[in-house]
Structure formats: structure tokens, C-alpha cells
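Chemist: I have a structure here, written as C-alpha cells, and I will follow up with some questions on it.
The values are calculated or read from the model by the stated rules, or taken from the named source; none is laboratory data. Just so it is clear, the structure is predicted and the values come from calculations on it, not from any experiment. Quick reminder, even Gly has a Cβ in these numbers, built from the backbone with ideal geometry, and neighbours come from all protein chains shown. Calculation scope for accessible area: heavy atoms of the full protein, side chains included, ligands and nucleic acids excluded. Shrake-Rupley method; radii C 1.70, N 1.55, O 1.52, S 1.80 Å.
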Amino acid sequence: MLFNLRILLNKAALRNGHSFAVRNYRCGQPLQNKVQLKGRDLLTLKNFTGEEIKYMLWLSADLKYRIKQKGEYLPLLQGKSLGMIFEKRSTRTRLSTETGFALLGGHPCFLTTQDIHLGVNESLMDTARVLSSMTDAVLARVYKQSDLDILAKEASIPIINGLSDLYHPIQILADYLTLQEHYGSLKGLTLSWIGDGNNILHSIMVSAAKFGMHLQVATPKGYEPDPSITKLAEQYTKENGTKLSLMNDPLEAARGGNVLITDTWISMGQEEEKKKRLQAFQGYQVTMKMAKVAASDWTFLHCLPRKPEEVDDEVFYSPRSLVFPEAENRKWTIMAVMVSLLTDYSPQLQKPKF
């Protein structure tokens, strides 16, 4: 209770200008949960420890098991409302959040740029204060990470990053839950990223080492990840005894990888760069030829929507592709985020061994 009060007081001070397949889980012994996330913002996974991220994945598995497999009704968010700000269109983020929040008994409210003019007709500060008085949390899918930072500073309720130019943390939670379900553990896996140095990669870079995962990254020259995020990832790598390799050779990045990962080469807002990007990314398509140098148990992830030039049909629709379980897990992980930030609920499922 004191911890939650401290968070609210800190946010108020800033606002006022003062500075699954459960059978695949290798479960350990039941442990009393010591992680408390209620009242926090989720802007980037760099702000969360490994244990805190593991807790969100544990909670995701718990909700999926209790609701999907056991058919339980868990109105954990009854009486709560969620503001959903979308500057960019979405399929998975919108659908998973709306249906997930409603399934838990809450009321989601969808707001587009036609409904709310973020920072245009009304300042970010004023928007944050109004939403704080009417909703219990806000999920915002925006162009600029700096807008999220301002919203979080001025709001007295949790702000969740639904995607920004720098990070996409809720996608990576779904990726990790999918891999946890498939492999039974995340520690020791080698992730092979083949594509753009974008917000998805950034989110992996600030979190993979916290699970003991290694990361091999191939991007074309000129499309490398943000240098400040690379520096932070190198720090996490040293702290956790993992490996981080950055290169321009996609075949070399795929070598020995357990998980081949790519994403769109042309994100929303980059349409004018299409011709230039398609040329720069020649040779980066994920194919079976590339998979032959990966680990024998290789799998494939893509956050969708997918274009054929990024990954061919043979890989995308193969039994090794986890893209559709990955998409479904967007729902269970965002539900876990909402429950962890808004309630005191503790998972009933035995804690997985990560």
C-alpha cells in the first residue's frame, strides 16, 4: 500500500511541476510473489528488472491457463476503464487490448486521431490530466516516444506503450511467452535478428540478456539500432554473462540461432523510403536456405503484418513458424500487463522456470 501511494505521490509531484501449452512449462517450486508492479508505467522494458518481466510472463501464463483452458471467469478489472490512444492503425494491439480488457470485466475506450488531437488542439499535459480523472490507465500507440514520456510524467495513472518509434515492449512480452511455451525455458536461447534496427529490436536488446538469452543481430549498413540502446544492451550483456553480436551479414547472424526473427522493413511513416529500403535489404529475406545454418530446433517469429520479401512462404507457413501463437499471445500478455499495473492479483499457476 505504501509503495502504491509513493508512486501516486511522485507522479502528482511531477504533474504539478515539482521536479500456451502449460504442459511445456518446466515449473519450479511454488514461491511467494515478491514483485509489486501496481501503479507503474510500462514505457520500455529497460525500466524493469528480469524478475519483474518474468512476473508479467508468469501472470500471462496463469491467465491463459485459467481462462482459456479451465474456462474460468476472472472479472479482475470490473469497474475499471482504459483509455486507448491510437495515432497509428493496428490489428493485434487494438484487438488484443480491447477484447482482453473486456474479458477481465473492464471497459476499454478507443480513441483515434479523429477523436483526440494529441498535443494539437489540447496539450499533452492537459490530456494526461483529463484522462487521469476519467480512466484507470492509458495505452497509447504513438509516433514519438517523447510523447509517452510526457504523458507518464503528467498523468497520475499508469501509461502503457502500445508502440512508439523507439520501443514496442508489449510485443516482446508476447514473443517471450511464445518461446517459453515452446522451449520450456528462455535461458541459453540464441535469438537471431535479421532486418531493420527498429523498435522491436530495441525492445529485445534491453530485455533478452535479463533472461540469459544471447542475441545475434544483422542489419544493413545505415539501418543499425540506436547507438544509445546498443550501449545499454552491451551493459546488460556484461551484467548477465550473455553474448551480443552486431553485424551486416544475415547468414552469419542466423548461424546457430534457435529463433530467427524479422519484422517489416517499411514501418508506418516510412512509405516514402520504400524503394530505397527494398534495395538496402536485398539478401535479408528469411528462407529455408538461411534456416539450414540455424540450430536444429530453430523456430521463426514475426510480429505481423508480414510481407513476402521479409520471409518466404516456406518458412512463414512451416511447422517451425510460431507467428500465429505469437499473435494470440499478444492478448494474454497485455491482459497480464493490465492486471499487474491495476490490481494486487497474484498468479495461481506454479511459477515457470525461466
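Chemist: Can you tell me the order of 48-60, 79-91 when each peptide is scored by its average per-residue count of other Cβ atoms within 10 angstrom, highest first?
Modeler: Order by mean packing, descending: 48-60, 79-91.
Chemist: Kindly flag which residue pairs out of Lys307/Lys331; Lys88/Lys187; Lys46/Lys243; Lys221/Lys274 have an alpha-carbon separation exceeding 25 Å in this structure.
Modeler: Lys88/Lys187
Chemist: Local charge sum around Leu278 (other residues, Cβ-Cβ under 10 Å, Lys/Arg +1, Asp/Glu -1)?
Modeler: +3
Chemist: Now for a different question. Enter the accessible area per residue of the stretch 99-141 (Å², integer; probe 1.4 Å; all protein chains in place).
Modeler: 48
Chemist: Measure up Lys144/Lys210; Lys64/Lys210; Lys210/Lys275 against 31 Å on the Cα-Cα distance and list the ones that go over.
Modeler: Beyond 31 Å between Cα atoms: Lys210/Lys275.
Chemist: Moving on to the next point. Please report the net charge: other residues with Cβ closer than 12 Å to the Cβ of Asn258, K and R +1, D and E -1.
Modeler: Counting the neighbours of Asn258, the net charge comes to +2.
Chemist: If you wrap a convex hull around the C-alpha atoms of the stretch 208-290 and split its volume per residue, what is the figure in Å³?
Modeler: 109
Chemist: Can I ask one more? With a sphere of radius 14 Å drawn around the Cβ of Val311, what net charge do the other residues whose Cβ falls strictly inside it have (Lys, Arg +1; Asp, Glu -1)?
Modeler: Cβ neighbours under 14 Å give a net charge of -4.
Chemist: Compute the accessible area per residue over the stretch 271-354, keeping the other protein chains in place, probe 1.4 Å, unit Å².
Modeler: I get 48 Å² per residue for the stretch 271-354.
Chemist: Can you return the aspartates and glutamates within cross-link range of Lys68? Criterion is Cα-Cα under 15 Å, with same-chain partners fewer than 8 residues away left out.
Modeler: Result set, ordered by chain and number: Glu181, Glu328.
Chemist: Counting only protein heavy atoms, what percent of the accessible surface of the chain is carbon or sulfur at a 1.4 Å probe?
Modeler: About 52 percent, which is the carbon plus sulfur part of the accessible surface.
Chemist: Another question, if that's okay. Evaluate the distance, in nm, between pseudo-label points positioned 7 Å from the Cα of Glu122 and of Leu251 along their respective Cα→Cβ axes.
Modeler: 5.6
Chemist: Which three lengths, in whole Å and largest first, does the chain cover when its Cα atoms are put on their principal axes?
Modeler: Cα spread of the chain along its principal axes, largest to smallest: 54, 50, 37 Å.
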